[in-house]
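So the structure is just underneath, and the comments pick up after that.
Just so it is clear, none of the values below were taken in a lab; they were calculated from the coordinates. In this text, all values refer to a predicted model and were calculated from it rather than measured experimentally. A quick note on method: Cβ atoms are made from the backbone with ideal geometry, for glycine too, and the neighbour counts reach across all protein chains shown.
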Amino acid sequence: MFERLNQIEARYEELTAALASPEIVTDSSKYQKTAKAHSEVAPITEKYREFKDLKKGIAESKAMLADEKDPEMRAYAQEELDKLEARVGAVEEELKVLLLPKDPNDEKNIILEIRAGTGGDEASLFAAELFRMYDRYAESKRWKVEVLSTSESGVKGLKEVIAMIEGDRVYSQLKYESGVHRVQRVPETEQQGRVHTSAVTVAVLPEAEEVDIT
């Protein structure tokens, strides 16, 4: 694992230098490709450097414990050592996750489709609430949301809504939202206080790439 991390760190240094190169800066296409490659290895490199700093701190604390005679300084060194050892394990696990193979679609924008299922008007109200939730989440991430089509119900709900969401790694953060979402509650349309179960289907599709067709 650490051999691979050293290779990634070296690649990060190469890309950092390339981004400052006049040859790359003046070529828009090369600059975008280089910047994208740089952004892919930057989080791993930063986490690896944190890991190395922690290991260095652990070694220094152990050396202080071995040489120091003053009780207060030994207590301080032990406290620092405990903190660093607790953190280094967590960082190592984070590195393992960062090194997992990436989904090739993770960087893509998405088409979000929400359709009311069983539950009638209540399902359409739930669909509208879900869409507002995703819309607000996108706003908090500074993503762009473009509604492509909607079909409203008579109670100001949504039978269907299709939207494009554009931004940084949208698919990677929303792909697990796909599926059937259910809610059990007393709906606004219920007059007798009975609990209803309503369902909505959500589809998260990576934006298709443009292709040349002959």
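Points to keep in mind about this one:
- Annotation: lysines with alpha-carbon distance below 18 angstrom to residue 175 (same-chain offsets under eight excluded): 102, 108, 141, 144.
- The relative contact order of the range 110-206 comes to 41 percent, based on Cα pairs under 8 Å that sit 6 or more residues apart.
- Farthest toward positive dipole pole in the range 2-98 [+1 Lys/Arg, -1 Asp/Glu at C-beta], among 26, 97, 78: 26
- Extension gain for residue 151 to residue 205 (0.36 nm times residue separation, less C-alpha to C-alpha distance): 17.5 nm.
- Taking the alpha carbon gyration tensor of the chain, multiplying each eigenvalue by 5 and rooting it gives semi-axes of 48, 29, 13 Å, largest first.
- Based on alpha carbons, the Rg and Dmax found for the range 110-206 are 13.8, 46 Å.
- Only aspartates and glutamates eight or more places from residue 156 in sequence, or on another chain, were considered; those with a Cα closer than 13 Å are 121, 122, 129, 188.
- Average projection area in nm² (convex hull over Cα atoms of the range 2-98, one quarter of hull surface): 7.8
- Label-to-label distance, nm, for residues given as residue 53 and residue 100 (7 Å Cα→Cβ offset): 2.6
- Residue-wise HN-Hα coupling along the range 107-120, computed from phi with Karplus coefficients 6.51, -1.76, 1.60 (Hz; x: Gly, Pro): 7, 7, 6, 10, 9, 9, 10, 10, 10, 5, x, 5, x, x
- Under 25 Å from the Cα of residue 56 - lysines, other chains or at least 8 residues apart: 47, 69, 83, 96
- With R₀ set to 22 Å, the beta-carbon distance separating residue 160 from residue 197 gives a calculated FRET efficiency near 0.65.
- Distant-in-sequence amide H partners of residue 160 (H built 1.01 Å from N, under 5 Å): 116, 151
- The calculated FRET efficiency for the pair residue 86 and residue 3, based on their C-beta separation and a Förster distance of 41 Å, comes to about 0.95.
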